[in-house]
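Student: The structure is given below, and queries will be raised subsequently.
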Amino acid sequence: MSELRFVRLGFGPDAVEYREAWAEQRRVHAARFQDEIADTCLLLEHPPVYTAGRRTEEGDRPLDGTPVIDVDRGGKITWHGPGQLVGYPILKLPRPVDVVAHVRRLEDALIRACAEFGLSTTRVEGRSGVWVLGETRPAAREHGGLSLDFDPRLDDEEFDPRLCGPEYAPSNAGQRGEDRKLAQIGIRVAKGVTMHGFSLNVNPDNTWFDRIVPCGIRDAGVASLASELGRDITVDEVAPVVERHLREVLEEADPKPRVVERPAPPTEPASAPV
């Protein structure tokens, strides 16, 4: 890929309101589509906000009516806020875009960045993002990371962790030894150019996630670099490392168009003898 430029929109006291950043994404997206600018990644923090992707279910939203911004990305509901590094890579890719390959490249960069800080992370099959695997199992991994012999989340379709206190709160998944998501990924592709991107939990207040069903996942939780490493760490410390690994992964990539399988032509029926 071509050289990737980074734009730091605002951090800490200069955190960027979500709708403002969304408008800036659309502006950069249009300029990239017209080849007026190079591939660009916006880096920033947001003030606290819940955003819901296109696949969000009504039952995943806050029970107390807290406002949620519905957005045009994939995925479900999540939270953004202080202590979380957000990145919006706006890249022109060959069409039809291989969305899965794009997501995997973002995951690779974040996994490498976490490793540099001494934290081993991975993917979980069927679930996008970057994960810390639970410590207790292995058999429980068949159920998405559960470590309990009996757990209502396995069989009760109406189970709601938000009504069951800290025992099932997403922010306490590490204490329960369950899988927990460290970085969320949700994107949109329009006219061959990507939008939205990732959020990496550096040192946020993860109890914000307890008001929702994060990413629609009821049997796992959330993590942060600070909680997993057991030490203070800041977005300012993490941002340049993530930027470097994003640059390496994305600039070294050789994206290919998504393979479109075309249906086989119908076969001619055998002619019957006259």
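Student: Looking only at region 11-37, which residues are of a type in the set (A, V, I, L, M, F, W, C), more than 19 Å from Gly83 (Cβ to Cβ) and part of a helix (DSSP H, G or I)?
Tutor: Of the residues in region 11-37, the ones of a type in the set (A, V, I, L, M, F, W, C) are 11, 15-16, 21-23, 28, 30-31, 33, 37.
Among the residues that remain, those that are also more than 19 Å from Gly83 (Cβ to Cβ) are: 22-23, 28, 30-31, 33, 37.
Selection gives Trp22, Ala23, Val28, Ala30, Ala31, Phe33.
Student: Name every residue in region 37-80 that is at negative phi and among the small types (Gly, Ala, Ser), in order of residue number.
Tutor: Matches in region 37-80: Ala38, Ala52, Gly53, Gly59, Gly74.
Student: Right, something else. From Ile217, Ile187, which residue is within 30 Å of Arg95 (Cα to Cα) and either at pLDDT below 95 or in contact with a Ser or Thr (Cβ under 7 Å, 6 or more places away or on another chain) (or both)?
Tutor: On the way: Ile217 fails: within 30 Å of Arg95 (Cα to Cα).
Only one candidate passes the filter, namely Ile187.
Student: Regarding Gly177, is this residue within 18 Å of the chain's Cα centre (by Cα) and modelled with pLDDT under 95? Give the derivation first.
Tutor: Details: within 18 Å of the chain's Cα centre (by Cα): no; modelled with pLDDT under 95: yes.
Taking the combined requirement at face value, the residue does not satisfy it.
Student: Restricting to region 200-257, name every residue that is of a type in the set (Asp, Glu) and either within 26 Å of Thr51 (Cα to Cα) or in a helix (DSSP H, G or I) (or both).
Tutor: Narrowing region 200-257 to residues of a type in the set (Asp, Glu): 205, 210, 219, 228, 232, 236-237, 243, 248, 251-252, 254.
Result: Asp205, Asp210, Asp219, Glu228, Asp236, Glu237, Glu243, Glu248, Glu251, Glu252.
Student: Scan region 26-51 residue by residue and report those that are surrounded by fewer than 18 Cβ atoms within 10 Å (Cβ to Cβ) and touching a residue at least 60 places away in the same chain (Cβ under 8 Å).
Tutor: If the condition is that a residue be surrounded by fewer than 18 Cβ atoms within 10 Å (Cβ to Cβ) and touching a residue at least 60 places away in the same chain (Cβ under 8 Å), then Arg26, Phe33, Pro48 are the ones that fit.
Student: Tell me yes or no: at least one residue of region 98-112 is surrounded by 17 or more Cβ atoms within 10 Å (Cβ to Cβ) and part of a loop (DSSP other than H, G, I, E, B).
Tutor: Within region 98-112, one or more residues are surrounded by 17 or more Cβ atoms within 10 Å (Cβ to Cβ) and part of a loop (DSSP other than H, G, I, E, B).
Student: State the number of residues belonging to region 52-84 that are basic (Lys, Arg) and either open to solvent by 60 Å² or more (accessible area, probe 1.4 Å) or part of a helix (DSSP H, G or I) (or both). Explain how you work it out, then say what you get.
Tutor: Going residue by residue through region 52-84, those that are basic (Lys, Arg) are 54-55, 61, 73, 76.
Narrowing further to those that are either open to solvent by 60 Å² or more (accessible area, probe 1.4 Å) or part of a helix (DSSP H, G or I) (or both): 54-55.
So the count comes out to 2.
Student: Would you tally the residues in region 64-107 being among the hydroxyl-bearing types (Ser, Thr, Tyr) and in contact with a His (Cβ under 7 Å, 6 or more places away or on another chain)? Don't jump to the end; show me each part of the working.
Tutor: First, the residues of region 64-107 that are among the hydroxyl-bearing types (Ser, Thr, Tyr): 66, 78, 88.
Adding the requirement that they be in contact with a His (Cβ under 7 Å, 6 or more places away or on another chain) leaves 88.
Here the count works out to 1.
Student: When region 204-226 is examined, which residues are found to be of a type in the set (Gly, Ala, Ser) and closer than 13 Å to Gln84 by Cβ? Don't jump to the end; show me each part of the working.
Tutor: First, the residues of region 204-226 that are of a type in the set (Gly, Ala, Ser): 216, 220-221, 223-224, 226.
Passing the criteria: Ala223, Ser224, Ala226.
Student: Only residues that are more than 21 Å from Gln34 (Cβ to Cβ) and over 12 Å from the mean Cα position of the chain (by Cα): list them for region 180-204, please.
Tutor: Looking only at region 180-204, we keep the residues that are more than 21 Å from Gln34 (Cβ to Cβ), and these are 180-186, 198-204.
Those that are more than 21 Å from Gln34 (Cβ to Cβ) and over 12 Å from the mean Cα position of the chain (by Cα): Arg180, Val202, Asn203, Pro204.
Student: Also, I was wondering about something else. Which condition number does Gly216 fail, the rest of (1) open to solvent by 10 Å² or more (accessible area, probe 1.4 Å); (2) out of contact with any strand residue (DSSP E or B) (no Cβ under 9 Å at 6 or more places or on another chain); (3) on the phi > 0 side of the Ramachandran plot being met?
Tutor: Against the list (1) open to solvent by 10 Å² or more (accessible area, probe 1.4 Å); (2) out of contact with any strand residue (DSSP E or B) (no Cβ under 9 Å at 6 or more places or on another chain); (3) on the phi > 0 side of the Ramachandran plot, Gly216 comes up short only on (2).
The values are calculated or read from the model by the stated rules, or taken from the named source; none is laboratory data. Since the model is a prediction, treat every value here as computed from it, not as a measurement. Cβ atoms come from the backbone with ideal geometry, glycine included; neighbour counts cover every protein chain shown. Ligands, DNA and RNA are excluded from the accessible area calculation, which covers all protein heavy atoms including side chains. Shrake-Rupley method; radii C 1.70, N 1.55, O 1.52, S 1.80 Å.
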